[in-house]
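**Q** Take a look at the following structure, please.
The values are calculated or read from the model by the stated rules, or taken from the named source; none is laboratory data. The structure displayed is predicted, hence computed values, not measured ones. Reconstructed Cβ throughout: ideal geometry from the backbone, glycine too, with neighbour counts over all protein chains shown.
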């Protein structure tokens, strides 16, 4: 498979380490290895993949200026469908950076990514799952980053999860849906069901990711003695929270 080495470091190791809540330095080492592989291979797709990994490593560490520089320097061709999808992932990251730093025009970046997705349809180059459905999942992530749980929940209702080609992105959808609904009065049961769907797809992500663990702990602290409460306590137990 083309670009396998770079993908192994970024979409394999780094993404997995992020999902299981590993120390940031381990994820950063994977991003560095991905960049080294891209430099050796000297291919534009590899450079795009590596830039995505580097930017997300820097974002996780709070190094927003360096992440911005990485994204600004990344190649963004659109000559092929594969290039278009990787460019779209970089544009998604622009929007997340804008939300994290409360600067820049995150909405413009999301709109640009949506325009690319309309040209691609539902793609899965590099197992990133870039496409129309994933655009909305990223809008949800940006809304959560900005603390707008109501907007994230509204966006979640517009997604058809089965249309998302990447299992990792489907798990992200359900996890983010659960996080959003957990903060909305009267939606506890729906939040628990969403988190359970995320667990069925990717147990490690639900059990170990710091954001989902925090949501589980918050919900479990006020769980009721009913079927949904028992489901919730079971997830919390499997996550090592009880």
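Residues checked against (1) at pLDDT below 95; (2) under 21 Å from the mean Cα position of the chain (by Cα); (3) assigned by TED's automatic domain parsing to the domain that holds residue 122:
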{"site": "167", "(1), (2), (3)": "yes, yes, no"}
{"site": "180", "(1), (2), (3)": "no, yes, no"}
{"site": "183", "(1), (2), (3)": "no, yes, no"}
{"site": "200", "(1), (2), (3)": "no, yes, no"}
{"site": "208", "(1), (2), (3)": "yes, yes, no"}
{"site": "223", "(1), (2), (3)": "yes, no, no"}
{"site": "242", "(1), (2), (3)": "yes, no, no"}
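**Q** On the basis of being at pLDDT 95 or above and out of contact with any strand residue (DSSP E or B) (no Cβ under 8 Å at 6 or more places or on another chain), does residue 55 make the cut? So that I can check it myself, show each step before the final result.
**A** Working: at pLDDT 95 or above: yes; out of contact with any strand residue (DSSP E or B) (no Cβ under 8 Å at 6 or more places or on another chain): yes.
So residue 55 fits the description; yes.
**Q** Taking segment 126-140 as the search range and keeping residues that are assigned to a helix (DSSP H, G or I) and more than 10 Å from the chain's Cα centre (by Cα), which one is surrounded by the fewest Cβ atoms within 10 Å (Cβ to Cβ)?
**A** Result: 127.
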